[in-house]
1. Throw me the Rg/Rh for the range 283-431, computed over C-alpha atoms with Kirkwood Rh, two decimals.
2. Carbon-plus-sulfur fraction of the accessible area of the range 117-247, 1.4 Å probe, in percent?
3. Taking all pairs of different Cα atoms in the range 240-338, averaging 1/r and flipping that mean, what Kirkwood radius in angstroms comes out?
4. Before I look further, what does the range 349-403 give for accessible area per residue, probe 1.4 Å, in whole square angstrom?
5. Keeping the other protein chains in place, figure out the carbon and sulfur percent of the accessible area of the range 286-440, with a 1.4 Å probe.
6. Given a 1.4 angstrom probe, what's the average accessible area per residue across the range 62-107, in square angstrom?
7. Is the range 222-293 best put as rounded, prolate or oblate by its Cα gyration tensor, with a ≥ b ≥ c the root eigenvalues, rounded for a/c under 1.5, and otherwise prolate when a/b is larger than b/c, oblate when not?
8. So with the 1.4 Å probe, I'd like the accessible area per residue for the range 220-276, rounded to whole Å².
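The values are calculated or read from the model by the stated rules, or taken from the named source; none is laboratory data. Since this is a predicted model, take the numbers as computed values, not measurements. Methodologically, a virtual Cβ is constructed for each residue, glycine included, from the backbone with ideal geometry; neighbour enumeration extends over all protein chains shown. Remember, those area values only see protein heavy atoms, side chains included, never the ligands or the DNA or RNA. Shrake-Rupley method; radii C 1.70, N 1.55, O 1.52, S 1.80 Å.
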Amino acid sequence: NVYHGKGSRPFKALEGFNNVDSKVLSGNYNGYVIGSEDEMGRMSETGESVTKVLIPGLPDESNGECGARISSCFWQWKPKFNVHYEKSGAENVNSPPLLFLPGFGVGSFHYENQLKDLGREYRVWAIDFLGQGMSLPFEDPTSPSREEGITEGKDFLWGFGDKTEPWANGLVYSMDLWRDQVRHFVEEVIGEPVYIVGNSLGGFVALYFAACNPQLVKGVTLLNATPFWGFFPNPMKSPRLARIFSWSGTFPLPANVRKLTEFVWQKISDPESIADVLRQVYADHSINVDKVFSHILETTQHPAAAASFASIMFAPQGELSFREALSRCHMNNVPICLMYGKEDPWVKPVWGRQVKKQVPEAPYYEISPAGHCPHDEVPEVVNYLLRGWIKNLESEGAVGLPLLDDMEMESIQNNITRDLEFVREGSKKSVMVRFLGSKFSLWNLIKSSLKSRFGKLETKSA
């Protein structure tokens, strides 16, 4: 059920796509400032000294250093449900597996820097959620509409037909669908428990999946995870309230929703609108986001994209809220690591700190300057922290957490700030990272160490 290769897409890019004005992705950003020098200064005004740490950069192919080879694949979950994913590091058979989940509107392509870099050491996968990226359906989930006024031909929108095709009965692009998609992917493709990493929407799905399937998870890393998703009540959790809403994201789209969808989709799929969003979520506007822009724009041209967007927006919430999922993970001792870009205009640091309060022993790294997608803005930093956290867990604490290796145990209770330096394109860049400790961290570290040692003794005696 798995086939490889880029293959041909079931649609063609619109004419003129290559002629999109390059100014869309450039221009003067002086009127939009995220993370001023004053804000950066406040990060180190806590009394502790700021130590500079040189960390590895990404594979430098210009100097003959090769990154891991990335393979593009498809996995058939169910009939007509083809899930696109990318993988690297298949030869690292004795290394832990890592699975990356993307944010809303993007896909596995957003983790290219993790696949190339971490794939040199680990087995790495990144998937596209159903209804997004290259996991959009290759057939119309509805039969063609006979209504007058509905256009046909190349501009025809899938999902706007009269009746649902049998394979799409009950299909809704929801949190519950994505949770189940991840579970089956881990069981059928990866075949063993994973470290799961999610950005934005992918962070919520990662946490939700882990809460429902702790036996399949070695640890969860949240990258600016969105703390809520969905506007409508879950029918299992609130059946009476859910019945008030006549439509919940199924196919075909109702007539009134079609008109709304066409209007909204025309606005948000415009190249300038996509560029505006990228300007918002990336704190460092010097970063080249041409690839990300192109992938997103290409996805919007798929005939199923508009109806899929409507299904996502009207889908019910998951059975567990973010807080409930976090609580269940905590109860089941699922290790959690928090990495948040400080200049995120959407999921601001306050949300990450709320998670830290609920799971005080979880390491929390606040990165600045970095926005909503730190894995793509400062992949060197995220990859460094992720490697260190995994090594800490795999060694059962023998290897210290990132930024704490050379610190005394007592200092774990404090906030620790480091200036991480790395080389990118021949020049040195610097990012400030703060580790937030808590009064519970030291005790939990001791308790975890004792539990690990007693567990080994019990195993030997048995």
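1. My calculation puts Rg/Rh at 1.02.
2. Carbon plus sulfur share of accessible area: 53 percent.
3. For the range 240-338, inverting the mean 1/r across all distinct Cα pairs yields 16.8 Å.
4. 30 Å²
5. Roughly 51 percent, rounded to a whole number.
6. 42 Å²
7. Judged from the Cα gyration tensor, the range 222-293 comes out oblate (a/c at least 1.5, b/c at or above a/b).
8. The answer is 58 Å² per residue.
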